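Here is the structure we will look at, set down as structure tokens.
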Amino acid sequence: MNKQMYEDHKYVMQDTYQLYLGAKYTFEEIIDNEEIPFKFRLIVERYVYQDVDPESSLESHFYYLADKGLLVKTYKHIKLKVKFNVIEVKKGLAGREKEVYTTKIMPIEQFVKMTPKEKEEKGVVIQEISCSKLALMTF
């Protein structure tokens, strides 16, 4: 049952404009998965795979990704966005404050500006990444 819950966060979806990947995929699984578009797998293999551990997940990779470097430029070129949950304090009906998870989507250049410590303090949990299919075609 635990493995099934883990597999639920490994998905590939596409619409007319975007490609969506679940954050639990490892880079090795991305390269081996035929459901993921060839162009994305090629970019991962040529530009990303050499700089990362093949067993690391997208979630951990983007959580600790530094602000500078070729990887960020590559992700920026394909207009990559990160969808994540963050803990925020909201006021309820009676005026009481409570902590709730809020889903946000942020471009990679803004997301990497947060340090891992800031992400930990805010309770960031990465759900998925998405990128532009048009940007993939022009890469």
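The table below lists the values:
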quantity: Where a residue in the stretch 44-70 is on the phi < 0 side of the Ramachandran plot and its partner, wherever it lies, is surrounded by 14 or more Cβ atoms within 10 Å (Cβ to Cβ) and hydroxyl-bearing (Ser, Thr, Tyr), with Cβ under 6 Å and at least six apart; calculated: TYR47/THR74; GLU55/THR26; SER57/THR26; LEU58/TYR25
quantity: The stretch 98-125: number of residues that are at pLDDT 95 or above, in a strand (DSSP E or B) and of a type in the set (A, V, I, L, M, F, W, C); calculated: 2
quantity: Residues of the stretch 86-97 that turn out to be of a type in the set (Lys, Arg) and not in a strand (DSSP E or B), as a count; calculated: 1
quantity: Scan of the stretch 48-99 for residues that are surrounded by fewer than 12 Cβ atoms within 10 Å (Cβ to Cβ) and among the polar types (S, T, N, Q), ordered by number; calculated: GLN50
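The values are calculated or read from the model by the stated rules, or taken from the named source; none is laboratory data. In this text the structure is predicted, and so the values were computed from the model without any measurement. Quick reminder, even Gly has a Cβ in these numbers, built from the backbone with ideal geometry, and neighbours come from all protein chains shown.
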